Amino acid sequence: VAAFTPPPLPSDDKRWKIVAGTMRKNGFARHALIETLHTVQSSFGYLDNDAIRFVAKSLRVPLSQAYGVVTFYHYFSLKPPGKHTMTICTGTACYIKGTDLLVAKAEQHLGIPKGETTADGQISLMTARCVGACGRAPVALTDGELQGHMSGEQMLAQLERWAVE
Amino acid sequence: MTNEELEKIAESVRAERAKYDHEINVCMGTGCLSQHSDKMKEELVKAVEASGKKAFVRRTGCMGLCAAGPLVLIDPEETLYQHVQASDAPRIAASLGGEPVAALQCNLREHFDQQVHVVLENSGHIDPEKIDDYISRDGYKALVKALTEMTPNDVIQQITDSGLRGRGGGGYPTGLKWGTVAKAAGSLKYVICNGDEGDPGAFMDRSVLESDPQRVLEGMLIAAYAIGASKGYVYVRAEYPLAVARLTNCLRDARRRGLLGNNICNTSFNFDVEIRLGAGAFVCGEETALISSIEGRRGTPKPRPPYPAVSGLWGKPTLINNVETFANIAPIIRKGGKWFAAMGSERSKGTKVFALTGKITNTGLIEVPMGISLRTIIEEIGGGVPDGHTFKAVQTGGPSGGCLPTEMLDLGVSYDSLLKVGAMMGSGGMIVMDDTSCMVNVARFFIEFCMTESCGKCVPCRAGTAQMHTLLTRICAGTGTMDDLELLIELCDTVKETSLCGLGQTAPNPVLSTLKYFKNEYLEHILHKRCPAGVCNIAAVPAAKPEPAEVLA
């Protein structure tokens, strides 16, 4: 059996080297699929077709399986994120404290449903299933930074700042 | 590493501490960090230096009372300060050795007095990123004791004697599980720590991993010795970046100290641990789905048997326990199974960590002995419902649990008592609701959660939860009929009885329990087109016409 040589990197973008590094660390084992996809997402912000193809080929996983994994887990995104991301927690504790109203307000303000990015690519509106800071509900992540006791006004002010930043 | 070496490290930590008159512990759990307790800590360091007092400022894990964060604990006086801002640092530094700052003091004796800390005993007292801090509080003594004085069977016997049951929610006796894996054939076995805390509204595992990761690792090491495993995995949610960072740091330190790797503590015992990140799928908390996920596949469950104890990760015997279960192991080995069995109720031993949230004054993390009444937890430890509202229900067990009304408040909390009344222990989320919550809407919220989290492998769960969601949405909108309600109840039974895994089997619980205790709210929605709590937006619906379906039925 010929020794396996992984396919060449898709481009000379340095981030691919990080991705290849994760696969090498795991000996190009098939079970490193999720680990590798995590690395792609943290390096590129999302997973596009080229990335999924490259990872599937490198790990000798059927493309269907790789695509299946990407679409199964909520954490993976197939679309590039906006410049800023507002993630509203919709866990139980936050729901009891009224985050459904926050989500509705944000959707109305931005004119997009949750999970989408505004047309100008400025703001993505996401929801999360509990970030584990229930003691400070309702909680939102503004560009990954946790904000407790989020009020509607506070959130709208943030969205307005982001619209021009 | 031997007992003497551990003692030496502990001694050096104590000697270092003796140089200071005071210790200032700053909570740097996620809750307090989000209120910039890191900057506050820097200010405290500066203020202490400026005041010339001998005090040591330490970063610690979660102190539990998230509602009053950021928290600062001064030892040895045991003064607890709440809502501390960076600007308060000079005041606190000046007060050291004198009268405490009254304006910042937190006097919640009733919150802390009823609690018994076993799992959380180090939280708030040690720096979670320093292994020596952990060792100075009897850390790794249990491991050394197990490796040098006990046989694997002795270890399993102690765990069996303790009566410890799985803290992930199922409540399977831990000793029995370990015994099964130990007896399973094969030389290669795995230990998995389940830190995929998907239950929304619960953050016990996160807190334990962030505050005391070494404790969890020690539990895994002892388990590996008892069952004969050489490789372990910790499966953590990717949504918990701080927990992942502290765990990574913990594994590196343990390797450096020779507590992980080959020939641990100069014995022939080898064990190593890797971290695996979850990717946001609730179903991966189910053990067979979690195994699929570690193998790099979609997290769909498999029918059991074979149980993972016989054929798990890559077909090898695998032990899966929850974070909190592992955190209980070290004290049991150190103090004996009988000590642990003396706490708690008849069939549920020890203590349980709960995440107390929702409409309650003292939100945060608590640890109480099993068997304590819900009333004590909510009214005394939790400080009751704030803002003059009245208590309506408490939800335990997350999307698999149920809502319990006021009449059930005197119930003692244990695995069996909660199951009997239609709720369940779950991983330990406890969400309090007041009169502003509509129970039909709450049921809809949980079914929506189960619907989106259903992996889609089996039909009853995939299609059943979607149908239940449609029916509940209709009832919430004021267009539901009595037939809808009947169909809903029938669907609950079908989904419960025929689903493949725990997610589907328990998904109807929130509906069934709200129907059992709050049926009048459903009837109000259906018959009078009215939401008693004023949550559901029924007014927007045109005035109800007599439903043709009702006539046909």
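The values are calculated or read from the model by the stated rules, or taken from the named source; none is laboratory data. Bear in mind the structure is a predicted one, so any value in this text is a computation, not a measurement. For neighbour counting, all protein chains shown are included, and Cβ atoms are generated from backbone atoms with ideal geometry for every residue, glycine included.
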### Query
Take the residues of segment B:433-476 that are within 14 Å of chain A (Cβ to nearest Cβ) and part of a loop (DSSP other than H, G, I, E, B): which is nearest to residue B:302 (Cα to Cα)?
B:457
### Looking only at segment A:62-86, and only at residues there that are in contact (Cβ under 8 Å) with a residue 12 or more places away in the chain and at the interface with chain B (Cβ under 10 Å from one of its Cβ atoms), the one that is farthest from residue A:154 (Cα to Cα)
A:65
### Task
Please specify each residue of segment B:406-464 satisfying the condition of being of a type in the set (Phe, Trp, Tyr) and under 21 Å from residue A:129 (Cα atoms).
B:445, B:446, B:449
### Message
Based on this model, can you work out whether residue B:236 counts as within 14 Å of another protein chain (Cβ to nearest Cβ) and out of contact with any strand residue (DSSP E or B) (no Cβ under 7 Å at 6 or more places or on another chain)?
### Response
no
### Query
Looking at (1) among the hydrophobic types (A, V, I, L, M, F, W, C); (2) touching a residue at least 60 places away in the same chain (Cβ under 8 Å); (3) surrounded by 20 or more Cβ atoms within 10 Å (Cβ to Cβ); (4) not in a loop (DSSP other than H, G, I, E, B), which is the one condition that is false for residue B:242?
(3)
### Task
Might you check whether a residue that is surrounded by fewer than 22 Cβ atoms within 10 Å (Cβ to Cβ), within 13 Å of chain B (Cβ to nearest Cβ) and part of a loop (DSSP other than H, G, I, E, B) occurs anywhere in segment A:3-25?
no
### Summary
The condition of being away from chain A (no Cβ under 14 Å) and either at positive phi or not hydrophobic (A, V, I, L, M, F, W, C) (or both) holds, among B:30, B:60, only for B:60
### Task
Could you tell me which residue of segment B:250-286 is farthest from the other protein chains (Cβ to nearest Cβ), considering only residues that are in a strand (DSSP E or B) and in contact with a Gly (Cβ under 7 Å, 6 or more places away or on another chain)?
B:271
### Unique match (being surrounded by fewer than 24 Cβ atoms within 10 Å (Cβ to Cβ) and on the phi < 0 side of the Ramachandran plot) among B:215, B:165, B:252
B:252
#### Entry: Filtered residues of segment B:287-308 (kept if within 14 Å of chain A (Cβ to nearest Cβ) and either over 12 Å from residue B:236 (Cα atoms) or surrounded by fewer than 20 Cβ atoms within 10 Å (Cβ to Cβ) (or both))
B:289, B:291, B:292, B:295, B:296, B:297, B:298, B:299, B:300, B:301
### Residue list for segment B:347-391, filter: within 14 Å of chain A (Cβ to nearest Cβ), basic (Lys, Arg) and free of Cβ contacts under 8 Å to residues at least 60 places away in the same chain
none
### Message
Considering only segment B:66-84, I want to know if a residue exists there that is assigned to a strand (DSSP E or B) and either of a type in the set (D, E, K, R) or within 14 Å of chain A (Cβ to nearest Cβ) (or both).
### Response
yes
### Task
Give me a count of the residues in segment B:89-107 that are part of a helix (DSSP H, G or I) and either crowded, with 23+ Cβ neighbours inside 10 Å or touching a residue at least 40 places away in the same chain (Cβ under 8 Å) (or both).
5
### Query
From the list A:59, A:110, A:146, which one is in contact with a Ser or Thr (Cβ under 8 Å, 6 or more places away or on another chain), farther than 23 Å from residue B:431 by Cβ and at the interface with chain B (Cβ under 9 Å from one of its Cβ atoms)?
A:59
### Task
Hey, can you tell me all the residues within segment A:29-54 that are within 11 Å of another protein chain (Cβ to nearest Cβ) and in a helix (DSSP H, G or I)?
A:30, A:31, A:32, A:33, A:34, A:35, A:36, A:37, A:38, A:39, A:41, A:42
### Message
I'd like to check something: does segment B:186-203 contain any residue that is over 23 Å from the mean Cα position of the chain (by Cα), buried (at least 18 other Cβ atoms within 10 Å of the Cβ), more than 14 Å from chain A (Cβ to nearest Cβ) and farther than 26 Å from residue B:501 by Cα?
### Response
no
### Checking residue B:247 against (1) assigned to a helix (DSSP H, G or I); (2) in contact (Cβ under 8 Å) with a residue 60 or more places away in the chain; (3) crowded, with 21+ Cβ neighbours inside 10 Å; (4) away from chain A (no Cβ under 14 Å), the condition it does not meet
(2)
#### Entry: Hits in segment B:17-65 (condition: surrounded by fewer than 17 Cβ atoms within 10 Å (Cβ to Cβ) and part of a strand (DSSP E or B))
B:56
### Check on residue B:211, modelled with pLDDT under 95 and more than 10 Å from every other protein chain (Cβ to nearest Cβ)
yes
### Query
Which is within 14 Å of chain A (Cβ to nearest Cβ), touching a helix residue (DSSP H, G or I) at 6+ places or on another chain (Cβ under 8 Å), crowded, with 17+ Cβ neighbours inside 10 Å and of a type outside the set (D, E, K, R), of B:480, B:426?
B:426
### So residue B:334, is it surrounded by fewer than 24 Cβ atoms within 10 Å (Cβ to Cβ), away from chain A (no Cβ under 14 Å), in contact with a helix residue (DSSP H, G or I) (Cβ under 6 Å, 6 or more places away or on another chain) and in contact (Cβ under 8 Å) with a residue 60 or more places away in the chain
yes
